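Engineer: Quick one: this structure, given as structure tokens, is what I'll be asking you about.
We did not get these values from a lab; they are worked out from the coordinates using the rules stated. From a predicted model like this one, the values you see are computed outputs, not experimental measurements. Methodologically, a virtual Cβ is constructed for each residue, glycine included, from the backbone with ideal geometry; neighbour enumeration extends over all protein chains shown.
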Amino acid sequence: MVNYRLVVIGLFALLLLVAVPCSSLAQRTPARAAKTSAIPSPQSVLGFNPGDDRTIADWTQITDYFGRLDKASDRVVVQTLGQSTLKRPLIVALISSRENILALEKYKDIQQQLADPRKVSSELQRDRLIATGKTVVAISCSIHSTEIVASQMSMQLAYTLATAHDAETREILQNTILLLIPSPNPDGIDIVANWYRKSLGTSYEGREPPELYHHYAGHDDNRDWFMLNLKETQQITRLFWHDWFPQIVYDVHQQRSNGSRFFIPPFYDPPNPNIDPLLLRQVGLVGHKVAADLQSAGFKGVLTNALYDTWWHGGFRTAPYFHNSIGILSGAASARLMSPATVTAEQLARSTTRGMRNATEALTNFPDPWQPGTWRPRNILDMEMIAARGILSMAAKYRTTYLHNFYELGRKNIEEQAKQDQPIAYLIPAGLSRDESVAKLVGSLIDQGVEVFRLDSELHLTYGPQMLQRTNSASEKLGTYRKIIASTTSLQEVPAGSYIVFLNQPQRSNVLALFEPQIYPNRLTGTGEAERPYDVAGWTLPLQMGVDAPAVLAIKETGTESKLTLLKNENEARSDLALPLRRSDESPIRNPIKQNVRIGIYKGSIGNMDEGWTRYVFDTFNVPYKSINDSAVKQGNLKSSYDVLIVPSQRTRDLVEGNAEGTVPAEVTAGISDSSVSNLKEFVNSGGTMICFDQSCELVIKQFNLPLRNVLEGVRSSDFYCPGSIVSLELNTKHPITSTLPTNIPGYFINSSAFATTDSNVQVIARYAKENLLRSGWLLGEDKLRGQIALAEVPLGKGKVILFAFRPQHRGQTWGTLPLLWNAISAAAK
Ligand SMILES: [Zn+2]
């Protein structure tokens, strides 16, 4: 018989034993007393095993568990990197042997030297660093919060490494240092945990929450790794590319339920030409090791060489390639959040993706299809644990190879000689009159470890804009392009205060990937349709930001080092440009809108990333606004509260109908409804200005009967395709919205719109350029886009509608087109 009183006393004692103050998460010095307390298992703290059906640990529980591990295990140190967007602690657990944990600063220093071969004075020193150093591996869980299982798995992985004594674990602890990030999006873990708990036992159990799981970015929180808009990206970027330089970064994701059970690299085509082939080979080797480990453990349905490519820059696992590191992504089939899913043979047979015709047919890259049945969070957790341990074991066994390759890639980048007519650097000339954009660009580069120098006195350079030149006829549907530098024939004097980014630095490939225009290869399916890239095709950062950054071919002066100063941070650039300094978390940017104008930003009932990024740019530029929800639209009389109404890009059906019935509680379904569209029209008729982005233009064009049509509506991808590219816009600079801008600027087009009209009441503010339309990325069938309307104003009643056919604020990256938005708002106040 159980003595309940003893059990209660025992539980109370356990609670006292393991109660840990929050401050235990604070950064610790390596010198620490030996730990003697028993190491708590996740089960003993949470009351369930991570991965059990219908259980979920929220962020407080996860950080509490890691705090206890930090206290109890001499193999674990937990550090707080900073605060998330909604002010939760962002943590990393450093896990290694006790001896390594006591010498973390020494190993960090070794990594910093290996990352920059200029700090290594001889081959002897290099060999000593490689012989002494450890492979640093980062594992990051659940950046996409609905892909929730990895965040739960992180506790199990940490516990196993903290307690096991088998030979493989000992080898891992001895030879590697693990940076384990339980989640780079703490806010999202709580959004999903709170929603999931509320949904248990209801008809919508296991559905995704009807809101963005990152305050601004939602799923795009993994599209920010070169722009560094988000606090989370900034802090982890600092941890990785200023402090620890992990040789391997493993980003743990999930995919949809009905396809393969587990994706692991090698990746699909096309590869990014700036990624060293050695890295691609190493990525493939690690992936195959994991695939073999899973097969050997009896898991079926593992897929390689499919869907995900290495073209795009900007993801958690892609940014490492441009820092000479190995980036691995896995995607386990999802359950229904933490509830089991049932997957049928029909669903598997219908599941298709690049590299896999369906999920039932055996292929060399998918040799053992999974049989239909029940799919549980536990299955996901087990596969992720095997993957994590497989990667760590590989990192331990081939420690010196990883360190050597990492060093050599950095050395190669520094010593690479520029070929004839190829850039040696990129220049950001002083006096561009885009000071905030210049400061942000320079700050983002420095924060990701790129070296940026200021010219302390004038220099004479040969330089010119790097552009795409079409090499076949513009009338052909598939454009072929080459990169050219339109260099000036003579040397030009470049004034002091300009910035220069040299290519001979360890991050050469990152500089090229960010500054060069991209040329995405023409990839068509067998039926002539465009084959969709995994993400965008072009992202050239200075173009997106509207900052001229010409390529430098030669410098006249020799021994220029004394005329250059290496910048330390964004504030040094802000100081040069006489901008207010960044002193805290608050954005120092001054509100660009001088008039008093009441702004509403529509926020529907379905989480919409474009809406989130819109709030992001308004918050960053300190432009005041209020979010307008569906019920406010339904109430009407919007003009009494707002002068300007902004509708971020969203499909008409999502705007009008909201969430599908039965997927969320009835009160969240919403949508503005057909009958309330008239309230939007009344707002404009009574003098309001409505500003629509991209997809949301369709609602007003069709419902308000505006005299415009989207010429790309219903066009097949065999005739026109532009999946995230930079194109040229020709501005009508007589219009107040464009009056502060040059006549030709880059704009971002992501499966966007293009308008035509025959009505003279439509004021055309910008058109897609008639010549040199593609600036970076991929554009198939450009004749469909050339000369069409990109931005228009249509008067209606006492007010007007301003239609952006593209997204002027895409992912918070397109600072070059933000002035159009600010000017449109300012013009509305007049
Ligand atoms: Zn994901």
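Engineer: Magnitude of the Cβ-charge dipole of the chain, K/R +1 and D/E -1, about the Cα centre, nearest 20 debye?
Structural biologist: 540
Engineer: Skipping prolines and chain starts, which residues have an amide H placed within reach, meaning under 5 Å, of the one on Asn608, given they are 5 or more residues away or on another chain?
Structural biologist: Placed amide hydrogens put Leu212 under 5 Å from Asn608.
Engineer: Right, something else. Can you list the lysines whose alpha carbon is less than 18 Å from that of Lys289, not counting same-chain residues fewer than 8 positions off?
Structural biologist: Leaving aside lysines fewer than 8 places away in the same chain, those within reach of Lys289 are Lys300, Lys397.
Engineer: Something else now. If packing is taken as the average number of other Cβ atoms within 10 Å across a peptide's residues, how do 641-652, 178-189 rank, most packed first?
Structural biologist: Descending packing order for the listed peptides: 178-189, 641-652.
Engineer: State whether region 779-820 is rounded, prolate or oblate according to the following rule on the C-alpha gyration tensor (a ≥ b ≥ c being the square roots of its eigenvalues): a/c under 1.5 gives rounded; otherwise a/b larger than b/c gives prolate, and the remaining case gives oblate.
Structural biologist: Details: a/c = 3.31, a/b = 1.27, b/c = 2.62.
Oblate, because a/c is 1.5 or more while a/b does not exceed b/c.
Engineer: Further, regarding this structure: Which one of Gly314, Leu348, Ala297 has its Cα pushed farthest toward the positive end of the charge dipole of region 292-361, where Lys and Arg give +1 and Asp and Glu give -1 at the Cβ?
Structural biologist: Leu348
Engineer: Residue farthest toward the positive end of the dipole of the chain, with Cβ of Lys/Arg at +1 and Asp/Glu at -1: which of Gly687, His288, Ser73?
Structural biologist: Ser73
Engineer: Show me, for region 708-721, the HN-Hα J-couplings you get by feeding each phi into the Karplus relation (A = 6.51, B = -1.76, C = 1.60, θ = phi - 60°), rounded to Hz, glycine and proline as x.
Structural biologist: Computed from phi, the couplings for region 708-721 are 9, 9, 7, 6, 9, 5, x, 6, 6, 6, 6, 9, 8, 7 Hz.
Engineer: Hey, how many Å between the Cα centroid of region 319-366 and the Cα centroid of region 113-140?
Structural biologist: Computed from Cα coordinates, the inter-centre distance equals 35 Å.
Engineer: Let me ask something additional. In whole angstrom, how far apart do the alpha carbon centroids of region 672-694 and region 716-767 sit?
Structural biologist: Centre-to-centre (Cα) distance: 23 Å.
Engineer: I've got another one for you. Beyond 38 Å, how much of the Cα-Cα pair distribution for the chain remains, as a whole percent?
Structural biologist: 44
Engineer: What ranking, highest mean first, results for peptides 305-318, 144-157, 787-800 when packing means the other Cβ atoms within 10 Å averaged over each residue? Numbers along the way, then the final one.
Structural biologist: Numbers: 305-318: 23.3, 144-157: 26.1, 787-800: 19.7.
The packing order, highest mean first, is 144-157, 305-318, 787-800.
Engineer: What are the ³J(HN,Hα) values, in whole Hz, obtained from phi via the Karplus relation 6.51 cos²θ - 1.76 cosθ + 1.60 with θ = phi - 60°, for each residue of region 360-366 in sequence order, with x given for Gly and Pro?
Structural biologist: Result, ordered by residue: 10, 9, 6, 9, 4, 8, 8 Hz.
Engineer: Reachable aspartates and glutamates from Lys603, Cα under 16 Å, same-chain residues fewer than 8 places away excluded?
Structural biologist: Glu211, Glu611, Asp619, Asp630, Asp654, Glu657, Glu667, Asp694
Engineer: A further question on this structure: Among the lysines, which fall within straight-line cross-link reach of Lys770, defined as a Cα-Cα distance under 30 Å, with same-chain neighbours fewer than 8 residues apart omitted?
Structural biologist: Straight-distance partners of Lys770: Lys477, Lys483, Lys702, Lys734, Lys784, Lys800.
Engineer: Please identify the GluC sites (Glu not before Pro) of region 675-784 that satisfy two criteria: DSSP loop assignment and at most 11 other Cβ atoms within 10 Å. Which are they?
Structural biologist: Here the GluC sites (Glu not before Pro) that fit, given the DSSP loop and packing criteria, are Glu713, Glu771.
Engineer: On a 19 Å Cα-Cα criterion, which of the cross-link pairs Lys87/Lys198; Lys87/Lys231; Lys198/Lys634 come out too long? Intermediate values should be presented prior to the final figure.
Structural biologist: Numbers: Lys87/Lys198 23 Å; Lys87/Lys231 10 Å; Lys198/Lys634 27 Å.
Where the Cα-Cα span goes over 19 Å, the pairs concerned are Lys87/Lys198; Lys198/Lys634.
Engineer: Once a ≥ b ≥ c are taken as the square roots of the eigenvalues of the Cα gyration tensor of region 354-488, is the result rounded (a/c under 1.5), prolate (a/b larger than b/c) or oblate (a/b not larger than b/c)?
Structural biologist: prolate
Engineer: Between rounded, prolate and oblate, where does region 340-410 land on the alpha carbon gyration tensor, with a ≥ b ≥ c its root eigenvalues, rounded for a/c under 1.5, else prolate if a/b exceeds b/c?
Structural biologist: Because a/c hits 1.5 or more and a/b exceeds b/c, region 340-410 counts as prolate.
Engineer: Which whole-Hz couplings ³J(HN,Hα) result when phi for each residue of region 238-246 is put into the Karplus expression 6.51 cos²θ - 1.76 cosθ + 1.60, θ = phi - 60°, listed in order with x for Gly and Pro?
Structural biologist: 5, 4, 7, 9, 10, 9, 10, 6, x
Engineer: Ile519's amide H: which non-local residues (gap 5+, or another chain) put their own amide H closer than 5 Å, with H modeled 1.01 Å from N in plane and none for Pro or chain starts?
Structural biologist: Gly777
Engineer: Restricting to the chain, what percent of DSSP beta bridges are antiparallel, rounded to 5?
Structural biologist: Of those bridges, close to 65 percent are antiparallel.
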